[in-house]
Structures are given as C-alpha cells and as structure tokens.
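Okay, structure first, notes after.
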Amino acid sequence: MVPVSYYLILSAILFSIGVGAFLIKRNIITIFMSIELMLNAVNLSFVAFANYWNQINHQFSGQIFVFFVMVVAAAEAAVGLAIIIALFRTRKTLNVDQVDLMKL
Amino acid sequence: MTVSFVLLALLTLSAAVAAMSMPRLIHCALALAVAFTGLGGIFLNLGAEFVGLAQLLVYVGAVAILIVFAILLTRGSEVSMRPGARSAISGTVIALAVFAVLAHAVLTSGVSRMATTAVTPSNRVQEIGVTLLQQYVLPLEVIALLLTAALIGAVILAWREKSPAAQEGAETR
C-alpha cells in the first residue's frame, strides 16, 4: 500500500507549483488557475487524511470538509471570473501590472 | 494500487506543470482540466467515491469550462510579456521554500509511516449524506446561501452595463 506521506508530498508539490505560478505569472486568468490548483492540492491532503483517519475510528470528516471547500471554490470561481470579465471590459487588459489602482 | 498511484501522480504533476507554463492560455486551461481529472482519479484511488465524482463534475465539468469561457470572452488579452527576471527568481525561491517547509513537516511527523488502506466497497455516499444533513446541517445551509449570493453577485458583476444612449431611450419610452 502507498504510504500517506506520498500523497501529502504530491499535494505539497502541487501546492508549490501553484504558489510559484501565482507569484511569477502576470496574467490574471493564469493566476486564477494557480489558485484553483492550490485549492485542489489542499483537497488532496484532506482526502489522504480522511483515508488515514478512516482506519483508526471510521471517521470521514475529511471528505465532508472537501465538499465544503469545493462549494467555496465554485463560488470563488464564479465571482472571480465575473470580475475578470468586468475588468477586461473596462480596462482592455488582463496584465496585473497595469491593474494597480489599489496599490499604494 | 501502487502502479495506479504512480501513473496518476505523474499525469497530475505533468498536467499541472504544463498548465502553469504553457504560453497559450487556452492550452493552460485544457492542461488544468487534465490535472483536475488526474486528481479525481487519485481521490477514487483513496476510496473517496463521493469526492472523486464531485471533483469530476464540479472541476472538470464546471470550473474548467468556466475558465475556458472567460478566456474566450477576453480574447486579445494574451499577456505574452515575459515576467521580469527578479520576479521569476523570487517566485521560484518562495515556491521552493514553501515546498521545503511542507515536505519537512510531512516527513518528520508520525503520519509518514502510516499506509493507506485498500478500498472496500461500502455505502459511504449514504453515510456522507446522512452526516451532512444531521451533524453538518447548519454549515450546509450557510454554504447554500453563500453559493446563491455568489452566483447572483457574479451575474450582476458580469452584466453588460447599458450604454448611455440605450438608457436614455429606455427612459423616454
């Protein structure tokens, strides 16, 4: 059987890829996709822990938590993409370096 | 199970790297859909049928399509400008530092010695439904409200504002 730590390391790698792309990329849509990737990486560790916890006392709260994370991620996706479309309509650009109105 | 884990992990990792590094946005979105599918397979591998299928439905079916639609609606916005060298270096360093911290935490904890168990067929989906509607019924209602509010807000945000001429026409009518 595969140790739990393999899944957790895979989750850590995916999360780090997301963090790196979030910081390096300049396009809002790519940044948005890296956020989704990070959320999925966290979901993976929740499911791995749910499996681990299930052996001990037959609990599966991890899976229920993943369900809630998914709903929040779906809400975030809808609002985020609506903001991106509205931004593109007014600014004609999606480069984060040119959308710095709230920067000090 | 080990072979399937390795295959799914490789698929997910390569798709994630492709999604974050391809030059064309639409290719990034499609690679991201592949990564979501691989993660759904890993969830099924871990015995989480409900979450794995929800992953396929919500992420591959809805979020990826939503991203593709957003890309198509913002055509001509391809930011092909290369990131500055400083930004790329500092981003990579921060990502590596995050990975080092996470890997250290995982490898030094007692969890790393535990093995996952084989999947046994069970009526786990039914148990999840019962738990959601008994123990977690208040969070469920709250999150339903949140989702409704977010979707209405998204529609209002993305609503095309009427041009002044059209608005005057509506007023005089």
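The values are calculated or read from the model by the stated rules, or taken from the named source; none is laboratory data. Since this is a predicted model, take the numbers as computed values, not measurements. Neighbour counts are summed over all protein chains in view; Cβ atoms, including those assigned to glycine, are modelled from backbone coordinates with ideal geometry.
A single entry from A:38, A:33 fulfils the requirement of being surrounded by fewer than 23 Cβ atoms within 10 Å (Cβ to Cβ) and either without any contact (Cβ under 8 Å) to a residue 24 or more places away in the chain or in contact with a helix residue (DSSP H, G or I) (Cβ under 7 Å, 6 or more places away or on another chain) (or both): A:38. Taking the numbered list (1) touching a residue at least 12 places away in the same chain (Cβ under 8 Å); (2) buried (at least 24 other Cβ atoms within 10 Å of the Cβ); (3) facing chain A (nearest Cβ under 8 Å) in turn, residue B:50 passes all entries but (2).
For region B:65-79, give me each residue that is within 9 Å of chain A (Cβ to nearest Cβ) and either surrounded by 14 or more Cβ atoms within 10 Å (Cβ to Cβ) or modelled with pLDDT under 90 (or both).
Once the filter is applied, which keeps residues that are within 9 Å of chain A (Cβ to nearest Cβ) and either surrounded by 14 or more Cβ atoms within 10 Å (Cβ to Cβ) or modelled with pLDDT under 90 (or both), region B:65-79 yields B:66, B:67, B:70, B:71, B:73, B:74, B:76, B:77, B:78, B:79.
For region A:66-98, a residue qualifies if it is under 19 Å from residue B:75 (Cβ atoms) and free of Cβ contacts under 8 Å to residues at least 40 places away in the same chain, and the qualifying residues are A:82, A:83, A:85, A:86, A:88, A:89, A:90, A:91, A:92, A:93, A:98. Tell me, please, whether a residue that is at pLDDT 80 or above, surrounded by 12 or more Cβ atoms within 10 Å (Cβ to Cβ), within 9 Å of chain A (Cβ to nearest Cβ) and outside any loop (DSSP other than H, G, I, E, B) can be found in region B:106-123. Checking region B:106-123: at least one residue is at pLDDT 80 or above, surrounded by 12 or more Cβ atoms within 10 Å (Cβ to Cβ), within 9 Å of chain A (Cβ to nearest Cβ) and outside any loop (DSSP other than H, G, I, E, B).
Counting only residues that are facing another protein chain (nearest Cβ under 7 Å) and under 11 Å from residue B:98 (Cβ atoms), region A:16-45 holds 5 of them.
Would you point out the residue of region A:87-104, among those that are assigned to a loop (DSSP other than H, G, I, E, B) and basic (Lys, Arg), that is nearest to the other protein chains (Cβ to nearest Cβ)?
Here the answer is A:92.
Please determine whether any residue of region A:5-17 is in contact with a helix residue (DSSP H, G or I) (Cβ under 9 Å, 6 or more places away or on another chain) and either more than 19 Å from residue B:105 (Cβ to Cβ) or in contact (Cβ under 8 Å) with a residue 60 or more places away in the chain (or both). No, the conditions are met nowhere in region A:5-17. Of all residues in region A:86-104, those that are within 22 Å of residue B:153 (Cα to Cα), surrounded by 13 or more Cβ atoms within 10 Å (Cβ to Cβ), among the aliphatic types (A, V, I, L, M) and at pLDDT below 85 total 2. For region A:46-76, taking the residues that are modelled with pLDDT of 90 or more and more than 8 Å from chain B (Cβ to nearest Cβ), the one that is surrounded by the most Cβ atoms within 10 Å (Cβ to Cβ) is identified as A:46.
Within region B:148-158, is even one residue modelled with pLDDT under 70 and either among the polar types (S, T, N, Q) or under 25 Å from residue A:60 (Cβ atoms) (or both)? There is no residue in region B:148-158 that is modelled with pLDDT under 70 and either among the polar types (S, T, N, Q) or under 25 Å from residue A:60 (Cβ atoms) (or both).
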